[in-house]
1. Please determine, by comparing only the residues of region 173-197 that are under 18 Å from the mean Cα position of the chain (by Cα) and touching a residue at least 60 places away in the same chain (Cβ under 8 Å), which one is nearest to N157 (Cα to Cα).
2. What's the number of the condition I33 fails, among (1) modelled with pLDDT under 75; (2) surrounded by 10 or more Cβ atoms within 10 Å (Cβ to Cβ); (3) not in a loop (DSSP other than H, G, I, E, B)?
3. Taking region 176-215, which residues are assigned to a loop (DSSP other than H, G, I, E, B) and within 23 Å of S303 (Cβ to Cβ)?
4. For region 144-161, state whether one or more residues are more than 28 Å from E104 (Cβ to Cβ) and assigned to a strand (DSSP E or B).
5. When only residues in region 237-268 that are of a type in the set (V, I, T) and not in a loop (DSSP other than H, G, I, E, B) count, which is nearest to S173 (Cα to Cα)?
6. Any residue at all in region 195-208 that is surrounded by fewer than 22 Cβ atoms within 10 Å (Cβ to Cβ), touching a Leu at 6+ places or on another chain (Cβ under 6 Å) and in the same structural domain as S303 (by TED's automatic domain parsing)?
7. Looking at this structure, is F273 among the aromatic types (F, W, Y) and farther than 24 Å from A126 by Cα?
8. Take L139 and decide whether it is part of a strand (DSSP E or B) and assigned by TED's automatic domain parsing to the domain that holds R93.
Amino acid sequence: MAHAEARNFERQEPSPEELDDLIDEVEDMIDAIPLQIRDIWQKKFDDLIDNDVEDFKTWLEFKDNIGGLRDKRNSAVDKLQADFFIDEIDRYRELFVSELPFYEQREECSFLVELLEDKQNKIIGAGQVAEVFANSDHLNSCFKVVKDWRKYREGNNLLKEAYLQLRMSKFNSELIAKVPEVQYCAALDDFRVIAMDRVDGASLSELMLDIKRVPDNFEFDVFFREIQNTVDKMHSLNIHHRDLHAGNIMMDYETGLPYIIDFGLAVEAGPLFDEDEIYKQRLADGSVLRFNYDNLQLQEVKSRFKSALAGT
C-alpha cells in the first residue's frame, strides 16, 4: 500500500503546453543577450527547434546555461561600472609591473623627483586633470603628470591607463596610426606620472587653430583610414578609448601620420557587454557619465578637420 501511495506522488511528465512555455521563455532570454554573442545562442536554439527536440530536460538545461551567462554578464557589468579609481587596482599593478618599472618611493627615482621640480620644464599639453611636459635633457620623452588625482572621479587609476596604452603600443609595428610607448610610471606624494615616448607633432585641435602647420606630406584619406584601422584593432582587443576627440589625435610633423593618445578614460570590455554599457560609467556617488562612441567621435573629428582644411 505504501508503494502505491508513493507512486501517486511521482512527478508526471511535463505537458506539451509546459514545454511550449519553456521554449518561449528560452527564446525571450536569447533576445536579451548582447548582440555580439546573440547569434551563437540563436543558432543553438534553432538547431534544437530544427531537430524537433521535445525533451523537457534538454530545454531546461539550455535555459540554465543562458541564465548562467546572464549572471556572469551582470557581474561583469557591475565590475565595469565600479568607480574607476578603485577598479581592479591590484590586477593592473600586477600586469604593469611585470613589464615596466613602477616607482613608489622617492629614493627609487631621485631623477624623476628632480625632473618634476625642474623649472626648465615646458608644458606641451594640458587637460582637465593633467599636464604633459617635456624637458630639454630628455628629448625623446614626455611626462603626463596628474596632480590633484584624489579629486578626479571619472578616469582610470594610473596603472590601468598606462597598461592599456602599453598594450596597444605593442602593435605599433603593424599599425600606421600608432600609440606612444610607455616607459615607466610613478606614484610620488600627490603626483601620478606616466613617462612615455614623445611625439614630435601637434594635436588636431591645435592644427585646426593654425592649419598652416599641417605638413606637406599629410594625406587626409590615408590619415583617417589608418586611425580607423587602429581603432578597429583596439576594439578587437576589447579596449575602448571613449575619449577620441581632436585633442587626443596627434599628427607627426615629419611623417604627417597619426598617433592616438590619452587612455585616461579607456576601458576593457568584452563581448558580454552591450555598446551602451561600454560607453557609460556609474560613479560611486550614483551619478552616471556617458561617453561618445569611438567610431562616431572619430567621424565627427574627421568632418571638422576636413572643414578646417577647406577653410569653412
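1. Result: V182.
2. Unmet for I33, out of (1) modelled with pLDDT under 75; (2) surrounded by 10 or more Cβ atoms within 10 Å (Cβ to Cβ); (3) not in a loop (DSSP other than H, G, I, E, B): (3).
3. Residues of region 176-215 that are assigned to a loop (DSSP other than H, G, I, E, B), as a first pass: 176-177, 179-181, 189-190, 198-200, 210, 214-215.
Within region 176-215, I176, A177, D210, V214, P215 qualify.
4. Narrowing region 144-161 to residues more than 28 Å from E104 (Cβ to Cβ): none.
No, that holds for no residue.
5. Taking region 237-268 as the starting set, the residues that turn out to be of a type in the set (V, I, T) are 239, 249, 255, 260-261, 267.
Then keep just the ones that are not in a loop (DSSP other than H, G, I, E, B); that gives 239, 249, 260, 267.
On the way: I239: 18, I249: 18, I260: 15, V267: 23 Å.
Here the residue is I260.
6. no
7. Values: among the aromatic types (F, W, Y): yes; farther than 24 Å from A126 by Cα: yes.
Yes: the conditions hold for F273.
8. Details: part of a strand (DSSP E or B): yes; assigned by TED's automatic domain parsing to the domain that holds R93: yes.
Considered against the rule, which asks whether it is part of a strand (DSSP E or B) and assigned by TED's automatic domain parsing to the domain that holds R93, L139 comes out as yes.
The values are calculated or read from the model by the stated rules, or taken from the named source; none is laboratory data. Computed from a prediction, not measured in an experiment: that's the story for all the values here. Reconstructed Cβ throughout: ideal geometry from the backbone, glycine too, with neighbour counts over all protein chains shown.
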